[in-house]
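Input: a single structure, listed below in structure tokens.
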Amino acid sequence: MHFDWPTPEQMMYRVMRLRRLVVLAVAIPVMIMLLTALIDPTFLTPNRATLGALAVAVLIVGHVSLFPNVTAETLSLSLSVSLLVISMPWIKLLAGSVPVENANAAYVMLITLAVLCTGVLMWMIKGLLNFIIYAGPALSLNVRADMEIACSPSVARRQFALQPQTRRGRILCGPEDQDGLFDVAIVAPQLADPQNPDQPFVARVVAKVLQSDEQSHQVMMVLDDGSVAATSLTFEPTEIGCRVTVSEMPGDFTAGMHLMFWLADQQADNMTEIADTILSEPARANGLSHGVSFLSVAAAVLSPRGPAVKRAK
């Protein structure tokens, strides 16, 4: 998929929105560095530990700024860097076992090999995390978020509430049938359609409005696998406009999916996407950003593929 360089505003938003992910991804290798410094202070001095912690923080922040929709990859980067830190004493010991005149060259070669192995390990850990995330039974846990917007409750309701025969950004709703059901198509620009890799993925669900008035709106959605999700919205007037509260009960979320949803602060990101539309602000939401990952970019660089050329019969 196409990669888009973020603007400074988007980079700041991504770091703020993914703050939970950043804290976790930075904390893991930093704690390992501190533990390594306690075990072998001759290898990792306080100065080196401080510089290493700063380098890890810059690496993680840079990753989420450029690749905001690959939470599992950010965690795999953190874990693989942690293992690289653990292996450094052995690399230094191994480099010291060669003749003195070749020690520096051996150390550089071993570091280069370790970095390459870290990339492979990162890919393996990402695959394992993706398996763990979707494994296990679905859990009925409530996901809640709220946001205050400088607009009237009626305007907020028109934009946030899922209703028949409306279009709301990348969400298109069809007409209502005799049972009150209507089709909903949701474009996911960060995902590619398996059948058409050059096109964004379009998710389709069936929805029904359960209750709706000026202060609240409740919708039930039936997913492709038959599971049911419910969303409740409330609109409360405030001094600057309106406070919108979204409470959702996903029908197919496993424990790992709930964790990824929380780390990415996804519900608040979805609300930001709509709020920016209401206020005519530049798009910042991660849900509108690309789904390119660091590993996919690395694969394209290391193994480039030319465009397919259609030959006439």
Quick one: in segment 290-309, of everything that is of a type in the set (S, T, N, Q) and open to solvent by less than 60 Å² (accessible area, probe 1.4 Å), which residue is modelled with the lowest pLDDT?
Ser296
If Asp4 passes every condition in (1) in contact (Cβ under 8 Å) with a residue 40 or more places away in the chain; (2) out of contact with any His (no Cβ under 6 Å at 6 or more places or on another chain); (3) over 22 Å from Ile125 (Cβ atoms); (4) open to solvent by 50 Å² or more (accessible area, probe 1.4 Å) but one, which one does it miss?
(2)
I need the full set of residues from segment 78-105 which are farther than 17 Å from Asp40 by Cβ, part of a helix (DSSP H, G or I) and open to solvent by 20 Å² or more (accessible area, probe 1.4 Å), in order please.
Leu79, Val81, Val100, Glu101, Asn102, Ala103, Asn104, Ala105
For segment 174-190, state whether one or more residues are open to solvent by 40 Å² or more (accessible area, probe 1.4 Å), among the hydrophobic types (A, V, I, L, M, F, W, C), farther than 30 Å from Val98 by Cβ and touching a helix residue (DSSP H, G or I) at 6+ places or on another chain (Cβ under 6 Å).
no
Are any residues in segment 17-52 of a type in the set (A, V, I, L, M, F, W, C), closer than 26 Å to Trp5 by Cα and assigned to a helix (DSSP H, G or I), and if so, which ones?
Leu21, Val22, Val23, Leu24, Ala25, Val26
Please specify each residue of segment 209-224 satisfying the condition of being more than 23 Å from the chain's Cα centre (by Cα) and open to solvent by 70 Å² or more (accessible area, probe 1.4 Å).
Leu210, Glu214, Gln215, Gln218
Search segment 76-95 for residues that are closer than 17 Å to Met122 by Cα and pair each with any residue that is charged (D, E, K, R) and part of a helix (DSSP H, G or I) when their beta-carbon atoms are under 6 Å apart and the residues are at least 6 apart or on different chains.
Ser76/Lys126
Out of segment 127-147, which residues are assigned to a strand (DSSP E or B) and free of Cβ contacts under 8 Å to residues at least 60 places away in the same chain?
none
Could you look through segment 7-52, keep only residues that are in contact (Cβ under 8 Å) with a residue 24 or more places away in the chain and among the small types (Gly, Ala, Ser), and pick out the one that is least open to solvent (accessible area, probe 1.4 Å)?
Ala25
Top-ranked residue in segment 155-171 [being in a loop (DSSP other than H, G, I, E, B) and touching a residue at least 12 places away in the same chain (Cβ under 8 Å); ranked as surrounded by the fewest Cβ atoms within 10 Å (Cβ to Cβ)]:
Gln165
Out of the residues in segment 135-154 meeting the condition of being under 18 Å from Ser216 (Cα atoms) and not aliphatic (A, V, I, L, M), tell me which one is most open to solvent (accessible area, probe 1.4 Å).
Arg144
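Per-residue answers, yes or no, for (1) of a type in the set (S, T, N, Q); (2) in a helix (DSSP H, G or I):
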site: Ala230; (1), (2): no, no
site: Glu236; (1), (2): no, no
site: Gly251; (1), (2): no, no
site: Gly256; (1), (2): no, yes
site: Trp262; (1), (2): no, yes
site: Ala275; (1), (2): no, yes
site: Ser280; (1), (2): yes, no
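The values are calculated or read from the model by the stated rules, or taken from the named source; none is laboratory data. Since the model is a prediction, treat every value here as computed from it, not as a measurement. In this analysis, Cβ positions are derived from the backbone assuming ideal geometry, glycine residues included, and neighbour counts consider all displayed protein chains. These area figures cover heavy atoms from the full protein model, side chains too; ligands, DNA and RNA do not enter into them. Shrake-Rupley method; radii C 1.70, N 1.55, O 1.52, S 1.80 Å.
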